[in-house]
Amino acid sequence: MNRNYLFWILCCFVFASCTTQPQTAVKELQISRVESMPNQPQPYKMLDWHEKAVNFDEAIFDFDATGEFRPFIWLDNAKRNLPQTTFGLYTVIGDVRQGPNKNKGEFHEAINSLGALMSAGLVGIDKRDQKGYNFVKMVQNYFNTDNGWNIMMNNTCPEVALLGGGYGRDWWYDVFPNVLYYAVSELQPNVEGADAIQKTIAEQFFKADSILNGNYDYSYFDYAEMKGKRNQIPYQQDAAAGHAYVLYSAYQKFGDPRYLEGAKSAIEALLSQKESRFYEVLMPFGAYVAARLNAEQGTNYDVSKILDWTFDGCTAEKGRTGWGIIADRWGDYDVSGIQGSLTQDGGYGFLMNTFDMAWPLVPMVRYDQEYARSIGKWMLNAANSSRLFYPYEIPDKNQYLPENKSITRNVIAYEGLKKVDAYNTEEFKGVSPVALGDGPNWVVSQPKLSMFSIYGSAHAGIFGSIIRKTNVEKILQLDCLATDFYKNESYPTYLYFNPYDEVKKIDYSSEQGVDLYDIVSGKLVAEKIFGKGSFSIEGNKAMVVVEIPAGSKIERSKEKVTANGIVISFY
């Protein structure tokens, strides 16, 4: 061959691998448990979750509120870990363990406080300067230096730890506050000391994963001694998902390649399990990290396995058996999509856990659009069912405290929704579902009002930032960027699921000229929208629509599709 011929072959190869032709449609992958959920849950009502989260912030962060068990917030002047005043929020309404005059004002939980700050940030509320307080700086007291752990923990000190809420004996309680803190720090940036705390957390998690070396068979990990510990609490192998999430976020933030390797190591530890070890909230974060690593780093982790472990639930006899995603109809209500126990008296779902599921799984479809339909269908069910936790959204006969609902300001929900009554009360025999909470069981003299969960309701901003209604009832617009923290440069991206059998037309508006590219079908579905426009979605299908500037140059390589050099699809 002569050189000119070789050059011509090389040019053809380059052209073939970098073409302006759109991608081919991706193959849909199903989550089997989602398939057992209805396409159109009944009865149907979609709340304005954004408004719910905004109103929650207004009601909870009000030091001047008056009335029974109010205000819901107080100042803690103990100055644990840092020489500054912090704040506490009641875990549930009327919690007898808490408040400025109980346990020296020191018993409050990071999962509550950090969740509330994240929720506010997600709906556009700046908590760095609100009513004269920098709540984001104040929450740093949960960074436990006094005990040598040097991570965010659920309390500020061990003196109050045994009152509840994990703290150094229940692994998810120690890992999840750090997942939350990374989210808060992204949403509410440029706070003094935050970068240093995030860096230290990453170092601690990297060391822990290195020492564990693939074996996460522990009830918790002592981050001071750097040793795994076992007690009466089941082993929590899905803590690896939490480690992976924080470490990959840290890699994106700081660029240290050790954190990338740590994230991979943790995902591999998670996938090494022979069965689901889902415990509370962390497992779905593993699916997100695995999908993102596959897309951005070229790995080949089994995302389907983690999703099935999440939805089908924990099957391990020595684990949190039965913990997964409910797919059922209780009484006159479809309750599919909520997270909790599949087995306790027929099912027991929890609001906070359901909110938290959406955080990793909706943005996951950006990195693996094969699951778009399953996640879209699950979100329709979960968002519809979640309203039933709120006392103004479920009939009085199906809830424990209808006469007290006004204290909730329509922003504080019941902790749980159960298929049958948990307290063997005569009036609830034969009633299903029942909105209630575990609060009265936690401690003697706890009031019934403790069924109303502030800490569960505090995470409403996840739904509030993701979910928007469209012109077609039951077709939601789900923002895939809202909780995709520490992402690379991206265009607006939305997941739509059409639960109907026929094609539906979705209105779309933009103040600038845009094209809409669907990364599921691999084609433009609308062009030159300026002002009002629309696109069509087939029945029982999903689309992941990326809004790009009108006339954008779309290029495809083997690994990704870009518009104007910005990645819009990884397939």
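The values are calculated or read from the model by the stated rules, or taken from the named source; none is laboratory data. If you're wondering where the values come from, they're calculated on a predicted model, not measured in any experiment. Note: ideal-geometry Cβ built from the backbone for every residue, glycine included; neighbour counts use all protein chains shown. These area figures cover heavy atoms from the full protein model, side chains too; ligands, DNA and RNA do not enter into them. Shrake-Rupley method; radii C 1.70, N 1.55, O 1.52, S 1.80 Å.
What number of residues within region 481-494 satisfy the criterion of being closer than 23 Å to TYR508 by Cα and within 16 Å of the chain's Cα centre (by Cα)?
If we filter region 481-494 for residues that are closer than 23 Å to TYR508 by Cα, which is where we start, we get 481-484, 489-494.
Within this subset, residues satisfying the condition of being within 16 Å of the chain's Cα centre (by Cα) are 481-484.
Qualifying residue count, region 481-494: 4.
Looking at region 293-314, I want the residues that are open to solvent by 10 Å² or more (accessible area, probe 1.4 Å) and have a partner that is at pLDDT 95 or above and of a type in the set (D, E, K, R) with Cβ atoms under 6 Å, at least 6 apart or on another chain. Which pairs are those?
Going by the 6 Å Cβ cut-off, the qualifying pairs are ASP312/ARG33.
Count, please, the residues in region 409-461 that happen to be assigned to a helix (DSSP H, G or I) and polar (S, T, N, Q).
The qualifying residues number 3.
Which of the residues belonging to region 265-292 are of a type in the set (Gly, Ala, Ser), under 26 Å from GLN344 (Cα atoms) and touching a residue at least 60 places away in the same chain (Cβ under 8 Å)? Break it down into steps so the answer makes sense when it comes.
Step one: filter region 265-292 for residues of a type in the set (Gly, Ala, Ser), giving 265-266, 269, 272, 276, 286-287, 290-291.
Next, only the ones that are under 26 Å from GLN344 (Cα atoms) stay: 276, 286-287.
Within region 265-292, just ALA287 meets the criteria.
(1) open to solvent by 30 Å² or more (accessible area, probe 1.4 Å); (2) at pLDDT 95 or above; (3) under 29 Å from the mean Cα position of the chain (by Cα): which one isn't true of VAL544, the others all being true?
Of the numbered conditions (1) open to solvent by 30 Å² or more (accessible area, probe 1.4 Å); (2) at pLDDT 95 or above; (3) under 29 Å from the mean Cα position of the chain (by Cα), the odd one out for VAL544 is (1).
Is it the case that PHE221 is among the aromatic types (Phe, Trp, Tyr), out of contact with any Ser or Thr (no Cβ under 8 Å at 6 or more places or on another chain), open to solvent by less than 20 Å² (accessible area, probe 1.4 Å) and in contact (Cβ under 8 Å) with a residue 40 or more places away in the chain?
Details: among the aromatic types (Phe, Trp, Tyr): yes; out of contact with any Ser or Thr (no Cβ under 8 Å at 6 or more places or on another chain): yes; open to solvent by less than 20 Å² (accessible area, probe 1.4 Å): yes; in contact (Cβ under 8 Å) with a residue 40 or more places away in the chain: yes.
In short, yes.
Based on this model, can you work out whether LYS253 counts as closer than 28 Å to ALA295 by Cβ, in contact (Cβ under 8 Å) with a residue 60 or more places away in the chain and open to solvent by 40 Å² or more (accessible area, probe 1.4 Å)? Steps first, please.
Numbers: closer than 28 Å to ALA295 by Cβ: yes; in contact (Cβ under 8 Å) with a residue 60 or more places away in the chain: yes; open to solvent by 40 Å² or more (accessible area, probe 1.4 Å): yes.
Criteria met by LYS253.
Might you let me know whether region 174-187 holds any residue that is of a type in the set (Phe, Trp, Tyr) and more than 21 Å from the chain's Cα centre (by Cα)? Full working, then the answer.
At the first step, the residues of region 174-187 found to be of a type in the set (Phe, Trp, Tyr) are 176, 181-182.
Cutting the leftovers down to more than 21 Å from the chain's Cα centre (by Cα) gives us none.
Checked against the condition, which is being of a type in the set (Phe, Trp, Tyr) and more than 21 Å from the chain's Cα centre (by Cα), region 174-187 yields no hits at all.
So LEU401 fits all but one of (1) more than 19 Å from ALA53 (Cβ to Cβ); (2) within 17 Å of the chain's Cα centre (by Cα); what number is the exception?
Failed condition: (2).
Just one of SER385, SER374 is under 30 Å from ILE233 (Cβ atoms), open to solvent by less than 30 Å² (accessible area, probe 1.4 Å) and among the hydroxyl-bearing types (Ser, Thr, Tyr); which is it?
SER385
Determine whether region 102-121 contains at least one residue that is open to solvent by 10 Å² or more (accessible area, probe 1.4 Å), aromatic (Phe, Trp, Tyr) and either closer than 23 Å to ALA53 by Cα or over 20 Å from the mean Cα position of the chain (by Cα) (or both).
no
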